[in-house]
Amino acid sequence: MEFFDSHAHLNLPEFGPDRSEALARARAAGVTRITNVGVDAASSRLARDLARDEAGLLASAALHPNYAADLGEPEWVCVAALLREGGFAAVGETGLDYYRDHAPPELQQDLFRRHLALAEELSLPVIVHCRNAHADCRAVLAEEMPRRNLADRVVLHCFSGTGEDARAYLALGALLSFTGVLTFPNAHSARAVAAGVPLARTLAETDCPWLAPQARRGKRNEPAYVTHAVGALAGLHGVSVEEAARITTENAVRFFAPGEQT
């Protein structure tokens with residue numbers, strides 16, 4: 001049984017002391033592929049370096065919306081240059097975050113659109129971060145996805161929207177990704193939303209080092225624990241863990257590495 005952690009951050013300092021050990025634990029758990037997601041130029045560059053050095057690792061690059069104001073145009077120039085150099089499987093994570101007041105919405109939206117344009121230029125899929133901003137995120141994607149031919153090429157990671165949001169994103173041709181949050185006792189709404197999203201349009205992720213599943217609450221999350229998210233999805237859809245792992249892994253391979261076979 002193989003698992004694909006479609007959104008991890010082994011490229012962040014939290015994994016600096018024991019990155020190799022965390023990767024070994026992931027492989028022992030059956031996690032054969034991991035997408036390390038960039039949030040700025042440095043983390044994007046390290047994600048690419050790791051992907052070049054380790055089998056089964058992929059990389060993405062972006063300037064996270066929370067850093068749109070603090071790092072600004074010079075950082076975006078660096079990130080765009082990195083993406084154009086190659087070695088990346090996706091653009092992201094980009095998007096909108098109105099939960100933390102780190103950058104004006106207009107600046108975030110402009111940066112989001114630039115990432116989407118670059119994804120079209122480079123023929124790469126897009127990892128979207130959206131927190132407390134689904135109305136504007138849906139509006140941007142409704143405008144940009146059709147004209148940039150991004151149907152089936154956008155994933156809403158760590159999905160936190162409503163059922164209505166989910167249906168709107170699915171209608172645009174986006175995929176939705178779910179984390180170990182599904183295992184939290186009080187995550188009733190999240191489970192209801194995930195149950196309504198076809199497994200054929202679903203990815204699984206950890207978003208580590210954050211959001212450890214309930215069985216690991218209080219500890220650092222890591223890619224090995226994507227199995228908990230897949231197990232939750234299996235239960236919600238009434239299929240075996242093996243079947244949920246197969247479907248979510250195949251979905252992620254098609255999204256990030258369409259030339260590979262599962």
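The values are calculated or read from the model by the stated rules, or taken from the named source; none is laboratory data. All of these numbers come straight from a predicted model, not from anything done at the bench. Note: ideal-geometry Cβ built from the backbone for every residue, glycine included; neighbour counts use all protein chains shown.
Observations on the model:
- Within segment 39-68, the set of residues being surrounded by fewer than 24 Cβ atoms within 10 Å (Cβ to Cβ) and among the charged types (D, E, K, R) comprises Asp40, Arg45, Asp49, Arg52, Asp53, Glu54.
- For segment 1-112, the helices (runs of 4 or more DSSP H) that sit wholly inside it and include 1 or more residues that are in contact (Cβ under 8 Å) with a residue 40 or more places away in the chain and farther than 30 Å from Ser240 by Cα are 41-53, 72-85.
- Of the residues making up segment 109-150, those that are within 16 Å of Phe88 (Cβ to Cβ) and among the acidic types (Asp, Glu) are Glu120, Glu121.
- If you go through segment 100-138 and keep only what is at pLDDT below 95 and either closer than 22 Å to Ala168 by Cα or in contact with an Asp or Glu (Cβ under 8 Å, 6 or more places away or on another chain) (or both), you end up with just His102.
- The residues on offer are Leu57, Leu82, Leu10, and the sole one that is touching a Lys or Arg at 6+ places or on another chain (Cβ under 8 Å) and over 26 Å from Thr249 (Cα atoms) is Leu82.
- Output for segment 11-32, where each listed residue is under 22 Å from Val126 (Cβ atoms) and crowded, with 23+ Cβ neighbours inside 10 Å: Asn11
- Some residue of segment 202-220 being touching a strand residue (DSSP E or B) at 6+ places or on another chain (Cβ under 7 Å), of a type in the set (A, V, I, L, M) and modelled with pLDDT of 95 or more: yes
- Number of positions in segment 9-34 that are touching a Gly at 6+ places or on another chain (Cβ under 8 Å) and of a type in the set (Phe, Trp, Tyr): 0
- Test for Val239: is it outside any helix (DSSP H, G or I), out of contact with any His (no Cβ under 7 Å at 6 or more places or on another chain), within 23 Å of Ala195 (Cα to Cα) and modelled with pLDDT of 95 or more: yes
- Asp97 fulfils the conditions (1) surrounded by 20 or more Cβ atoms within 10 Å (Cβ to Cβ); (2) out of contact with any helix residue (DSSP H, G or I) (no Cβ under 6 Å at 6 or more places or on another chain); (3) acidic (Asp, Glu) except for a single criterion, (2).
- Which listed residue, of Ala224, Ala212, is surrounded by 20 or more Cβ atoms within 10 Å (Cβ to Cβ), touching a residue at least 60 places away in the same chain (Cβ under 8 Å) and either under 26 Å from Val39 (Cα atoms) or among the acidic types (Asp, Glu) (or both): Ala224
- Counting the residues of segment 163-180 that are farther than 19 Å from Asn251 by Cβ and crowded, with 16+ Cβ neighbours inside 10 Å gives 2.
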